[in-house]
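Working notes, beginning with the structure itself.
The values are calculated or read from the model by the stated rules, or taken from the named source; none is laboratory data. Since this is a predicted model, take the numbers as computed values, not measurements. Quick reminder, even Gly has a Cβ in these numbers, built from the backbone with ideal geometry, and neighbours come from all protein chains shown.
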Amino acid sequence: MVLQQVDIGSEFYEQAEEILAERIAARKKELEEKLLILCHHYQQEAVYRFADMTGDSLKLAKHAASCNDKPYIVFCGVHFMAESADILTGDDQAVILPDLRAGCPMADMATLDDVSWAWKELEEASGAGRIIPVTYINSSAAIKAFVGEQGGSVCTSSNAERVLTWALERGEKVFFFPDEHLGRNSAIALGIKPEEIILWKRDEHLGGNSAEAIKQAKVILWDGYCTVHMQFAAAHVREWRAKDPEVRIIVHPECRHEVVAGSDQYGSTQNIIKAVSGSPPGSKWAVGTEINLVNRLARLNPDKEIHSLSPFQCLCSTMYRIKPKYLLWVLDNLVQGEVKNQITVDPETAKLAKIALDRMLEI
Ligand code: 13P
Ligand code: SF4
């Protein structure tokens, strides 16, 4: 979803980085009692340094849910993360996204209309068996509400296997969206056979499947993907193996299955940080995730050799829109009592989406 971002004006555009940093620090101090800054691990350093709490999607969602003493939560992530935070926080708290153009292309690949239509077709084709919907947290509030209403759950890259197990205990099939790759990697890790996993192609009748294939399937995957993690290829894994047999390869589960299968380990951003930071001095790593996180790992672990798995810079360009000047702009306005770029989910959607988010937090 691309929202309109107002022009913040030359006062912010023309400032040098050091001046912006000084002004952000001063505003943060002024707002101390009232403000919480949350930052996802893919955030650029110039913003990340001002975080009160950093984390992966699960950690940040849990933190937003448990923080009820701060009226202003500035979320330096992307739109779906700020929406989840708004759903999980109180009515007296405002969640703010410094640049409204910070969306997630993967989340935009599953619209409510498309998913509802697919759900209807799927229910008709699959016969009487119960289907449980599972949505990755990288989805709109409207999609989470749909899932809440249909008895399903949200998942993140930290708990997708656990949520999938929960869903398969309750239904005959799972409809998993929007990320094909997280869904496939998690299903295969649980021992589900590749022939029991089918792909639902958005623009085709029955998602491009026969009614028989749908009846046989255990897991039906939406054909969404992350534009950043799709840049990692099995060839990169082979090249690293040939170049340095000592290198350990760790990737995010949004990568294609062939990349995950060729790696030594995979996990959410939080788990990647834990594995790399906890490894002995001298360890060598090739990391398949967003470049800001890989560069930070390399800087914070000078006793290890840390590289990107890909020779190209895999940047989440939408997350990158949260620049220091936008952070300063929202903080300047907060000091003057003005809330800019508040992310609000309408109460009916929020109520249903919260059911799906709470289920995940309980599982
Ligand atoms: P994590 O939950 O691992 O932080 O992933 C979020 C995300 O958007 C990765 O692309
Ligand atoms: Fe979305 Fe991929 Fe960016 Fe994560 S890295 S926010 S999935 S585009």
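Things worth noting here:
- Only a single criterion out of (1) closer than 30 Å to residue 234 by Cβ; (2) within 15 Å of ligand 1 (Cβ to nearest atom) is not satisfied by residue 284, namely (2).
- Restricting the search to helices (runs of 4 or more DSSP H) fully inside segment 250-301 and requiring at least 2 residues that are within 14 Å of ligand 2 (Cβ to nearest atom) gives 269-277, 291-300.
- Within segment 42-53, the set of residues being within 16 Å of ligand 1 (Cβ to nearest atom) and either at pLDDT below 95 or over 13 Å from residue 319 (Cβ atoms) (or both) comprises 51, 53.
- Residue pairs meeting the criteria (Cβ under 7 Å; at least 6 apart or on separate chains; first free of Cβ contacts under 8 Å to residues at least 40 places away in the same chain, in segment 116-138; second more than 16 Å from ligand 2 (Cβ to nearest atom)): 116/146; 123/131
- Of residues in segment 75-133 being part of a helix (DSSP H, G or I) and of a type in the set (Phe, Trp, Tyr), the one nearest to ligand 2 (Cβ to nearest atom): 80
- Checking 224, 171, 208 one by one, the residue that is over 17 Å from residue 288 (Cα atoms) and within 15 Å of ligand 2 (Cβ to nearest atom) is 224 and no other.
- Residues of segment 283-294 satisfying the condition of being farther than 12 Å from residue 250 by Cβ and in contact (Cβ under 8 Å) with a residue 40 or more places away in the chain: 290, 292
- Residue in segment 39-49 that is nearest to residue 268 (Cα to Cα), counting only those that are in a helix (DSSP H, G or I) and within 16 Å of ligand 2 (Cβ to nearest atom): 48
- In segment 106-159, the residues that are of a type in the set (Val, Ile, Thr) and away from ligand 1 (no atom under 16 Å from the Cβ): 111, 115, 131, 132, 147
- Members of segment 302-341 that are buried (at least 21 other Cβ atoms within 10 Å of the Cβ), within 16 Å of ligand 1 (Cβ to nearest atom) and either part of a helix (DSSP H, G or I) or of a type in the set (Phe, Trp, Tyr) (or both): 319
- In a residue-by-residue description of segment 197-211, the property of being within 16 Å of ligand 1 (Cβ to nearest atom), closer than 29 Å to residue 315 by Cβ and touching a residue at least 12 places away in the same chain (Cβ under 8 Å) applies to no position.
- Test: residue in segment 1-15 that is at pLDDT 95 or above and under 30 Å from residue 299 (Cα atoms): no
Here's the yes/no breakdown for (1) outside any helix (DSSP H, G or I); (2) within 16 Å of ligand 2 (Cβ to nearest atom):
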position: 8; (1), (2): yes, no
position: 12; (1), (2): no, no
position: 26; (1), (2): no, no
position: 37; (1), (2): yes, no
position: 60; (1), (2): no, yes
